1. Set Lys and Arg Cβ to +1 and Asp and Glu Cβ to -1, take the dipole of the chain about its Cα centre, and tell me which of 16, 198, 4 lies farthest positive.
2. So, by mean Cβ neighbours within 10 angstrom, what's the order for 176-182, 213-219, 159-165 with the highest one leading?
3. Which of 69, 91, 154 sits closest to the plus end of the dipole of the chain, meaning its Cα is farthest towards the positive end, when Lys and Arg get +1 and Asp and Glu get -1 on the C-beta?
4. At a 10 angstrom cut-off on C-beta neighbours, averaged per residue, how do the peptides 104-113, 13-22 rank from highest to lowest?
5. Of 11, 39, 75, how do they rank once you tally other Cβ atoms within 10 Å and put the fewest first?
6. Given R₀ = 45 Å, what would the calculated FRET efficiency be for residue 211 paired with residue 102, taking r from the Cβ atoms and rounding to 0.05?
7. Could you give the length gained on full extension between residue 221 and residue 203, defined as 0.36 nm per residue of separation minus the Cα-Cα distance, in nm?
8. Cα extents of the stretch 121-228 along the three principal axes, largest first, in whole Å?
Amino acid sequence: MNITEFEQAILNQQSVESGHYDTEYWTGDWRADGNNYNLETRRRIEARNPALIKNVFHPRRALDLGCGPGALMHLLWELGVVADGIDFAESSVRLATPEVRDRITVGQVTDPTLKPAGAYDLVICREVLEHLTVLQVRQAVANMVRMTSRFIYVTTRFHPRPASLLDFTTQFDVDPTHITLLNKDLLRLMFVLDGCRSRPDLEAQMDWGHKGRVLVLEKLSAQPRARR
C-alpha cells in the first residue's frame, strides 16, 4: 500500500457504533470456542495474565482502556490491584461485577477529558485497537501516552502479512468489528512519536503465549535524565 492508497483507505473507514457492543456481543454463542466475556470464561482464558501484570509492572494505579465488562479489572482486584476502566458501551457497566462496576467510566478511549494527565502508572489497552479506525487508533495512542506516568501495555491483532509500513487490513471472519489490523511497526512508531520507548524485555515477559501481539512502552518523561 502506497501513501495515496493509505490515505484513501483511511478516509473510507467507518467507525463502529457503541450499540453494536450489546449483551449478545459480549456473552453470545456466536463466539468461537465459547470465547465470551463471562468472568469464569475470562479467568480461564486470561490464565497467567493478571498475575504477570501485577508482577511485571507493580502498578499503584492502573487503567484498563476499553475494559469491556471489566473481567480483567475483577481478576486484578482479586490480586489486590485496583484498576479503573473506560469503555464506550453502556452494556459494559451492566455486565460488570459489583466489585468493579463503579470504577468503569462510559466514554470514548480517544477522549482526553475523561481522566487527568499522568494519573496512572500503567495504562492497559488489550484487544481494543482492532475495533477502531486508523484515525481513532492514533487518537487513542496519544490519549494513552497522556494518561500514563510510566508504562503502557497493549495487545492487539496485527496485519499477518504486511507488505509495507502502511498496510492495514480487516479480520471480519473472526469478528465483524475487527476493522483495523495494523502493521506492528506502524503502531510502535505511533507511540515513539508521542514520546515513548519500546521495552522488548517486558514484552517478552508479557507475551508468554508467544502470539506476537504484545507491545510494552515506557514514557520517556519517566526516565531518569542522563548525566552530562
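Taken together, the values in this text are just the output of simple stated rules run on the coordinates, not laboratory data. Worth saying up front: this structure is predicted, and the values here are computed from it rather than measured. Reconstructed Cβ throughout: ideal geometry from the backbone, glycine too, with neighbour counts over all protein chains shown.
1. In the chain, that residue is 198.
2. Packing proxy ranking, top to bottom: 213-219, 176-182, 159-165.
3. 154
4. Per-residue Cβ counts within 10 Å, averaged per peptide and sorted highest first, yield 104-113, 13-22.
5. 11, 39, 75
6. Computed FRET efficiency for residue 211 and residue 102: 0.90.
7. 4.5 nm
8. Principal extents (Cα only, largest first): 52, 29, 25 Å.
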